[in-house]
1. Strictly greater than 14 Å: what percent of every Cα pair in region 1-79 meets that?
2. Mean projection of the alpha-carbon convex hull of region 31-72 over all orientations, in nm²?
3. In the chain, what is the volume of the convex hull around the alpha carbon atoms, normalised per residue and reported in Å³?
4. Please sort by residue number the trypsin sites (Lys or Arg not before Pro) in region 31-87 whose DSSP state is loop and whose Cβ has at most 11 other Cβ atoms within 10 Å.
5. Testing the spin-label approximation: label points 7 Å from Cα along Cα→Cβ at ASP181 and THR11. State their distance in nm.
6. Can you figure out the FRET efficiency of LYS109 with ASN52, using R₀ = 35 Å and their beta-carbon distance, to the nearest 0.05?
7. Could you work out the equivalent-ellipsoid semi-axes for region 132-248, taking the square root of 5 times each eigenvalue of the Cα gyration tensor, largest first, in whole Å?
8. If the viscosity is 1.306 mPa s and the temperature 10 °C, what Stokes-Einstein diffusion coefficient in µm²/s follows for region 102-160 when Rh is the Kirkwood radius over Cα pairs?
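Coordinate-derived values only; no laboratory data. Here the structure is a predicted model, which is why all the values come from computation and not from measurement. Every residue, glycine among them, receives a Cβ derived from its backbone with ideal geometry; neighbour counts consider all protein chains shown.
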Amino acid sequence: MLTIKNLRVFTENKEIIKGIDLDAKPGEVVAIMGPNGSGKTTLAYALTGHPNYQITNDKFLISKIELNGDDLTDLEPHERSLKGLFMVNQYPVAIPGLTTQSYLWQLYKKHNVGVKTSLLEFRKWITQQAEKLGLDPELLRRGLNDGFSGGEKKKVEVLQMLVSNPKYVVLDEVDSGLDIDALRKIAQTVAKMAKDLKVGILLITHHRDIFAYLKPSVVHVIRDGVISRTGDMSLVDEIESTGYEGNQ
Ligand SMILES: Nc1ncnc2c1ncn2[C@@H]1O[C@H](COP(=O)(O)OP(=O)(O)OP(=O)(O)O)[C@@H](O)[C@H]1O
Ligand SMILES: [Mg+2]
């Protein structure tokens with residue numbers, strides 16, 4: 001279980017997340033929607049420990065992030081990741097000097113300690129995964145995200161997710177800017193992982209198309225740093241017809 005209790009997050013002395021409670025069970029898809037600037041990415045960053053986002057704790061209101069009973073609130077990003085929390089970024093960064101495949105191999109080794117896979121076996125497997133996602137395996141030999149298109153970057157994020165052996169994944173607009181085939185392939189890959197390995201998903205999105213593959217059991221709407229509505233797919237219908245402004 002991933003549990004978020006009374007989460008409050010500051011950046012640049014401004015409170016962005018103003019008390020959020022939510023949880024996700026193993027294998028569950030929890031959708032998070034909300035207008036631009038409402039705090040969705042800030043929530044994702046705070047969960048994964050981005051250093052620019054401070055979680056507030058005071059004597060009376062204690063913010064907490066727990067994964068299967070372990071308190072992640074004060075852990076470093078890499079420690080949270082080793083506990084099984086992974087984020088697919090809205091804006092993946094490029095690291096030109098580091099080849100994509102060596103980064104993925106290092107990540108795989110860190111997250112699969114004790115598993116005896118040779119580099120050769122790994123390369124074969126990661127090439128297959130890239131092909132399944134419709135990503136040209138040639139890109140694996142280039143610098144991480146260096147000059148990659150938006151869709152290619154998203155696919156590399158998904159490869160990172162696969163090698164990281166996560167228990168919970170926060171997907172921040174993984175569907176934005178994808179063509180229809182890329183959306184299907186990425187969404188099916190995430191859905192298969194969620195189902196087969198019981199990985200819980202926090203799915204941040206603006207569009208319902210991805211719900212055809214990743215079916216949320218609950219939909220939360222974030223507005224101005226708080227959860228303003230919670231519901232099922234009928235809430236998505238409502239938002240689509242009235243917009244957020246007509247849906248207070
Ligand atoms: N590092 C920062 N410094 C100052 N303000 C910030 C910072 N990060 C986020 N904010 C502000 O916090 C608010 C929430 O931003 P956030 O990126 O979380 O929105 P979002 O819900 O993900 O929006 P979108 O749907 O456009 O991705 C915005 O007003 C943004 O300008
Ligand atoms: Mg965002």
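1. 61
2. Averaging across all directions leaves 4.1 nm² for the Cα convex hull.
3. It is 129 Å³ per residue.
4. Counting only loop positions with at most 11 other Cβ atoms within 10 Å, the trypsin sites (Lys or Arg not before Pro) in region 31-87 are LYS59.
5. 3.5
6. Taking R0 as 35 Å, the efficiency between LYS109 and ASN52 is 0.80.
7. Over the Cα atoms of region 132-248, the semi-axes work out to 28, 16, 13 Å.
8. Here the translational diffusion coefficient equals 133 µm²/s.
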